[in-house]
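Encoded as structure tokens, the structure appears first; notes follow it.
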Amino acid sequence: MENLNQLCVHTVTTKPWPIEIAAEKFAQAGVSGITVWRDALDGRDIQQTGDMLRQHKLEIVSLCRGGFFPATSADKRKLAIDDNKKAIDEAAALGAPAVVLVCGADPAQPLSTSRKQIQEAIEVLIPHAEANQVKLSIEPLHPMYADTRSAINTLAQANDMAESINSPWVGIAVDVYHLWWDDLLQAEIMRCGRNGNLFAFHICDWKSPTEDMLLDRGLMGEGCINVPEIRSWVEDAGFTGMYEVEIFSERYWRMDQQEFLDKIIKAYLEKS
């Protein structure tokens, strides 16, 4: 199992399992880390859930997700700030060192306005993040999500923002699903590493054809992303953290989750 010492699985990847079952199954399989989605904490004592994960010897890598900052309404932007403060509080209670930010966008306004609101919101959150010792990871999303999910669509944009903010509490989550297509990716990953901003690395694959742009991600090796090459780039950039398997897939959620977990581990060992 020592080959799995950098393998992390997101709770959303095995979505049908409640977090207690996921923790047990991940630990039994030799998975070393877990990234927790906020819905997995519903109705639970968050601190006790964190203790449970640690009892299973799982490293808590991140809490997903915060973000969704932009809005034409000032009241909505304030609500987003409040919810992100709550996410930071939840991460601290859980024992997660970072919150992943899916930054959001509002289609009723220019992307430049949404990006400005994203940066302003993150800057507002930094004192709360620092007080709770929780980092904020900006995750650039594929341009197909630029309407509502994120106005940060390239690693260059994320690097520009992180460098402008210039805080040790703000960095970047690199997700191959969102960035594999970018011809500047290697250079931007190295830039991210030089600045100490490479906080997280998410892996899966882009199936071709993809039947659903949100809910049809593939296992590593099932699609057209050269995951091993991108992994080599993040390692060259100095990344030593967990490799986080994040797969949204209606097809995989319908199958036996133990069988799916076995497939994840096989793909991680052979195709990542």
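Nothing in this text is a laboratory measurement; each read-out follows from the coordinates by a stated rule. Owing to the predicted nature of the structure, the values given are computational and were not obtained by experimental measurement. Here the Cβ is made from the backbone with ideal geometry for all residues, glycine too, and neighbour counts use every protein chain on show.
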Worksheet item: Out of all the residues in region 152-201, which are in contact (Cβ under 8 Å) with a residue 12 or more places away in the chain, polar (S, T, N, Q) and within 21 Å of ILE118 (Cα to Cα)?
Response: ASN153, THR154, GLN157, ASN159, SER164, SER167, ASN195, ASN197
Discussion item. Condition (residue is crowded, with 18+ Cβ neighbours inside 10 Å and aromatic (Phe, Trp, Tyr)) applied to region 181-198: is it met by at least one residue?
Written reply: no
Item to complete: Considering each of ILE152, ILE118, ILE126 in turn, give the residue that is within 20 Å of the chain's Cα centre (by Cα), β-branched (Val, Ile, Thr), surrounded by 23 or more Cβ atoms within 10 Å (Cβ to Cβ) and part of a helix (DSSP H, G or I).
Response: ILE118
Worksheet item: In region 21-37, which residue that is touching a strand residue (DSSP E or B) at 6+ places or on another chain (Cβ under 8 Å) and polar (S, T, N, Q) is farthest from LYS263 (Cα to Cα)?
Response: THR35
Worksheet item: Are any residues in region 69-94 under 23 Å from THR113 (Cβ atoms) and free of Cβ contacts under 8 Å to residues at least 40 places away in the same chain, and if so, which ones?
Response: THR72, SER73, ALA74, ASP75, LYS76, LYS78, LEU79, ASP82, ASP83
Response to the item:
Every listed condition ((1) out of contact with any helix residue (DSSP H, G or I) (no Cβ under 8 Å at 6 or more places or on another chain); (2) among the hydrophobic types (A, V, I, L, M, F, W, C); (3) in contact (Cβ under 8 Å) with a residue 60 or more places away in the chain) holds for LEU136 save (1)
Worksheet entry | Selection within region 32-62 - touching a residue at least 60 places away in the same chain (Cβ under 8 Å) and of a type in the set (A, V, I, L, M) | VAL36, VAL61
